[in-house]
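Contents: one structure, followed by commentary.
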Amino acid sequence: MKPTHLTLICHARTEAQRVGRFAMDDEVLRDPPSLLTDLPATAHYLMAPELRTRQTAEGLSATVDEGLRDCDFGSWKGLALKQLDEAAVKAWLSDPHGIPHGGESIAVLCERVATWMDTALAPGEWVAITHPFVIRAAMLHALGAPFESFHRIDVPPLARVCLSYYGQWRLQLG
């Protein structure tokens with residue numbers, strides 16, 4: 001069996017991240033990167049469909065993969081955290097199945113990403129440009145961590161997480 005190597009790269013910084021609000025699908029980058037010069041030439045490149053990931057992946061021959069799309073924040077899209085009902089935010093942060101915004105719960109996101117990891121990637125080298133929430137979900141799946149751990153992970157812009165699969169997913173530190 002040949003292993004699967006997956007490097008997840010967070011999109012570059014957006015204005016939404018800077019000011020603490022939920023991004024819109026067409027959110028543009030605040031500081032477009034002069035990206036990723038040390039990536040393997042033989043890897044398969046994927047990117048989430050949103051504009052910020054496509055801009056981050058500019059210059060790479062990346063294919064859009066819907067499995068990498070960001071969490072659906074429903075009615076919270078475009079809103080700052082300080083604009084939201086504090087009780088609703090607390091409930092969302094404490095309950096991975098909660099959907100006070102009417103979008104996608106953390107649990108559903110994690111299950112979606114786990115299914116993508118387990119079914120969409122053939123053995124080989126993969127690089128995927130995606131979102132902090134997708135990367136968090138992938139890390140939980142690789143570690144077998146509970147959904148409640150989701151909000152304990154920070155993924156800054158352009159962060160890289162390396163995972164490998166050879167019978168089970170593993171987090172690779174480098």
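The values are calculated or read from the model by the stated rules, or taken from the named source; none is laboratory data. These numbers were taken from a predicted model, which means no experiment stands behind them. Positions of Cβ are generated from backbone atoms using ideal geometry, with glycine treated the same way; all protein chains shown enter the neighbour counts. Just the protein is used for accessible areas: all its heavy atoms, side chains included, with ligands, DNA and RNA removed. Shrake-Rupley method; radii C 1.70, N 1.55, O 1.52, S 1.80 Å.
Peptides 105-111, 78-84, 8-14 ranked from most to least packed by the mean count of surrounding Cβ atoms within 10 Å: 8-14, 105-111, 78-84.
Residues R21, R136 ordered from highest to lowest accessible area at a 1.4 Å probe: R21, R136. One quarter of the surface of the convex hull around the alpha-carbon atoms of the stretch 27-79 equals 4.4 nm², the direction-averaged projected area.
Whole-percent P(r), the chain, all Cα pairs, 10 Å bins from 0: 10, 39, 36, 13, 2, 0.
Helix-only arithmetic for the chain: the sum of -39500 (n - 2.57) across DSSP H runs with n ≥ 4, divided by the residue total, places the mean residue ellipticity at 222 nm at -7500 deg cm²/dmol. Packing, as the average of other Cβ atoms within 10 Å across residues, places the peptides 91-102, 60-71 in the order 60-71, 91-102, highest first. For the stretch 7-67 versus the stretch 133-174, the inter-centroid distance based on Cα atoms is 18 Å. Working note: Cα gyration tensor of the stretch 80-160, eigenvalues times five, square-rooted, sorted largest first, giving semi-axes of 26, 14, 11 Å. Computed from the alpha carbon atoms alone, the convex hull of the stretch 1-95 holds 134 Å³ per residue. Counting only residues at least eight positions apart within a chain, or on another chain, the lysines with an alpha carbon under 16 Å from that of K90 are K82.
Scanning residues 5 or more positions from G78 or on other chains, those with amide H under 5 Å from its amide H are F22, A23, M24, with H placed 1.01 Å from N in the peptide plane. Note on the stretch 1-48: the alpha carbon radius of gyration divided by the globular reference 2.2 N^0.38 Å gives 1.50.
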